[in-house]
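Worksheet: the structure to be examined is printed underneath.
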Amino acid sequence: MAVAATMTKPLPAHPLPKKPLPAGWPRERYESHNRRLKAMRLAIALLDTGVYRPEQAPNHRIRSTAARIGVHAPSETTCRLVRALLYDNC
């Protein structure tokens, strides 16, 4: 019996180069974009540590994770966004 193997492309050993955002956007759009990127990084770090549910991620845990991965302490809004991302993964 043949088993089908899924071939996935291995992840790069180093981060992908950053590209500048297009000029001309309103400032709020840049802030929102960067906030979502930060929340995604924090959500991934929390998932790696075993935090899978929003109720397991109070602000102090999110902020301590941010310090551990070298990100500035997130605001209340970013913490809510992190919990929303965790909720979507349930």
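Nothing in this text is a laboratory measurement; each read-out follows from the coordinates by a stated rule. Computed from a predicted model, the values in this text were never measured in an experiment. Every residue, glycine as well, gets a Cβ built from its backbone with ideal geometry; the counts of neighbours run over all protein chains shown.
Pick out, in residue order, every one of the trypsin sites (Lys or Arg not before Pro) in the stretch 11-90 that is DSSP loop and has at most 14 other C-beta atoms within 10 Å; say none if there are none. Walk me through the numbers before you get to the answer.
Numbers: sites: LYS18, ARG27, ARG29, ARG35, ARG36, LYS38, ARG41, ARG61, ARG63, ARG68, ARG80, ARG83; in loops: LYS18.
Passing sites in the stretch 11-90 are LYS18.
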Work out, step by step, the length gained on full extension between HIS33 and VAL71: first 0.36 nm times the residue separation, then minus their alpha carbon distance; give nm to one decimal. 12.1 nm
Under 1.5 on a/c is rounded, so check that first for the stretch 45-86, then, if it is not, pick prolate when a/b is larger than b/c and oblate when it is not; a ≥ b ≥ c are the square roots of the alpha carbon gyration tensor eigenvalues. oblate
Taking θ as phi - 60°, what are the ³J(HN,Hα) couplings along the stretch 16-21 by the Karplus curve (6.51, -1.76, 1.60), each to the nearest whole Hz, with x for Gly and Pro? 5, x, 7, 10, x, 6
